[in-house]
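Novice: Here it is, the structure in full.
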Amino acid sequence: MLITAVVFWQIILAVHVVFVVAAFGLLLSYPLITIAAERIDRRSLPILLRVRMLLGRSLVNPGLLFVVISGVYLASQQHQWGNFYVWWGIAAALVIGGLEGAVVIRQSARLADLAERDVGLFGAADGGWSSDYIAARSRADQVNALLAVIVVQ
């Protein structure tokens, strides 16, 4: 029976993969979850958007930091700095982190406020969305689409 030792860079690779899946998976799933919430029960949307803000601050951006740090370590350990995927990954993580922190979290707060107003004080779900909500949602969808393209690349 052959037993091989786990080396430190393999542990770092596992950390890198876990945070890529966690941070980027959330970015890809949010638009679908939002659409589902609007169709199933729009009263849940304000809370969902506030959860989106919380996860952006507590999981996505810190997760991207772990992705970059572990990626830099792996690129150094494995002598991969000459490969395009290393530089693309770092650039993508920085752009995603910037958009998440500067745009998406703020958009989620604005959308949550507008959704609360549109749903009403007692949670009535019979009216349509206001033009303010529709415009803000359109801008958020554009940013989410850009993030999805960056993640998939």
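Novice: Taking the condition under 16 Å from Asn144 (Cα atoms) and either among the charged types (D, E, K, R) or crowded, with 17+ Cβ neighbours inside 10 Å (or both), does Ala109 pass? If you could, list the steps in order and put the result at the bottom.
Specialist: Numbers: under 16 Å from Asn144 (Cα atoms): yes; either among the charged types (D, E, K, R) or crowded, with 17+ Cβ neighbours inside 10 Å (or both): no.
So Ala109 fails the test.
Novice: Can you tell me which of (1) more than 27 Å from Gln107 (Cβ to Cβ); (2) buried (at least 18 other Cβ atoms within 10 Å of the Cβ) is the one Ile3 doesn't meet?
Specialist: Ile3 satisfies all of (1) more than 27 Å from Gln107 (Cβ to Cβ); (2) buried (at least 18 other Cβ atoms within 10 Å of the Cβ) except (2).
Residue-wise test of (1) modelled with pLDDT of 90 or more; (2) of a type in the set (Gly, Ala, Ser).
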{"residue": "Thr4", "(1), (2)": "no, no"}
{"residue": "Ala36", "(1), (2)": "yes, yes"}
{"residue": "Val51", "(1), (2)": "yes, no"}
{"residue": "Arg57", "(1), (2)": "yes, no"}
{"residue": "Leu65", "(1), (2)": "yes, no"}
{"residue": "Val68", "(1), (2)": "yes, no"}
{"residue": "Gly71", "(1), (2)": "yes, yes"}
{"residue": "Asn83", "(1), (2)": "yes, no"}
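Novice: Still on this structure: Is it the case that Pro31 is more than 15 Å from the chain's Cα centre (by Cα), closer than 22 Å to Ala115 by Cβ and not charged (D, E, K, R)? Talk me through it step by step, then tell me what you get.
Specialist: Values: more than 15 Å from the chain's Cα centre (by Cα): no; closer than 22 Å to Ala115 by Cβ: yes; not charged (D, E, K, R): yes.
No; evaluated as a whole, the condition is false for this residue.
Novice: Name the pairs whose Cβ atoms lie under 7 Å apart, with the first residue in region 16-43 and in contact (Cβ under 8 Å) with a residue 12 or more places away in the chain, the second aliphatic (A, V, I, L, M) and not in a helix (DSSP H, G or I), and 6 or more positions between them or separate chains?
Specialist: The qualifying pairs are Asp41/Ala125; Arg42/Ala125; Arg43/Ala125.
Novice: Confirm whether Arg57 is basic (Lys, Arg), closer than 21 Å to Phe19 by Cβ and surrounded by fewer than 18 Cβ atoms within 10 Å (Cβ to Cβ). Talk me through it step by step, then tell me what you get.
Specialist: Values: basic (Lys, Arg): yes; closer than 21 Å to Phe19 by Cβ: yes; surrounded by fewer than 18 Cβ atoms within 10 Å (Cβ to Cβ): yes.
In short, yes.
Novice: Another question, then. If you scan region 33-47, which residues turn out to be over 14 Å from Arg110 (Cβ atoms) and either among the polar types (S, T, N, Q) or assigned to a helix (DSSP H, G or I) (or both)? Walk me through it before giving the result.
Specialist: Quick first cut of region 33-47, residues over 14 Å from Arg110 (Cβ atoms) only: 33, 35-44, 47.
If the condition is that a residue be over 14 Å from Arg110 (Cβ atoms) and either among the polar types (S, T, N, Q) or assigned to a helix (DSSP H, G or I) (or both), then Ile33, Ile35, Ala36, Ala37, Glu38, Arg39, Ile40, Arg42, Arg43, Ser44, Ile47 are the ones that fit.
Novice: Scan region 44-64 residue by residue and report those that are of a type in the set (Gly, Ala, Ser) and either closer than 30 Å to Gly120 by Cβ or free of Cβ contacts under 8 Å to residues at least 12 places away in the same chain (or both).
Specialist: Of all residues in region 44-64, those of a type in the set (Gly, Ala, Ser) come to 44, 56, 58, 63.
Passing the criteria: Ser44, Gly56, Ser58.
Novice: Which condition does Ala102 not pass, out of (1) more than 25 Å from Ala115 (Cα to Cα); (2) surrounded by fewer than 18 Cβ atoms within 10 Å (Cβ to Cβ), if it passes all the others?
Specialist: Going through (1) more than 25 Å from Ala115 (Cα to Cα); (2) surrounded by fewer than 18 Cβ atoms within 10 Å (Cβ to Cβ) one by one, Ala102 breaks only (1).
Novice: From (1) over 10 Å from the mean Cα position of the chain (by Cα); (2) under 13 Å from Val151 (Cα atoms); (3) surrounded by 12 or more Cβ atoms within 10 Å (Cβ to Cβ), pick out the condition that doesn't hold for Ile69.
Specialist: Condition (2) is where Ile69 drops out.
Novice: May I pose another question? Got at least one residue in region 52-59 being closer than 27 Å to Leu114 by Cβ and in contact with a Lys or Arg (Cβ under 7 Å, 6 or more places away or on another chain)? Steps first, please.
Specialist: At the first step, the residues of region 52-59 found to be closer than 27 Å to Leu114 by Cβ are 52-59.
Going one step further and asking which of them are in contact with a Lys or Arg (Cβ under 7 Å, 6 or more places away or on another chain), we end up with none.
No, the conditions are met nowhere in region 52-59.
Novice: I'd like the full set of residues that are assigned to a helix (DSSP H, G or I), within 19 Å of Gln10 (Cα to Cα) and in contact (Cβ under 8 Å) with a residue 40 or more places away in the chain, limited to region 65-95.
Specialist: So in region 65-95, the residues assigned to a helix (DSSP H, G or I) come out as 65-77, 84-95.
Subsequent filtering for residues that are within 19 Å of Gln10 (Cα to Cα) retains 65-77, 85-86, 89.
Phe66, Val67, Ser70, Gly71, Tyr73, Leu74, Gln77 - these are the residues of region 65-95 that are assigned to a helix (DSSP H, G or I), within 19 Å of Gln10 (Cα to Cα) and in contact (Cβ under 8 Å) with a residue 40 or more places away in the chain.
The values are calculated or read from the model by the stated rules, or taken from the named source; none is laboratory data. The structure displayed is predicted, hence computed values, not measured ones. So basically every Cβ, Gly included, is an ideal-geometry build from the backbone, and we count neighbours across all protein chains shown.
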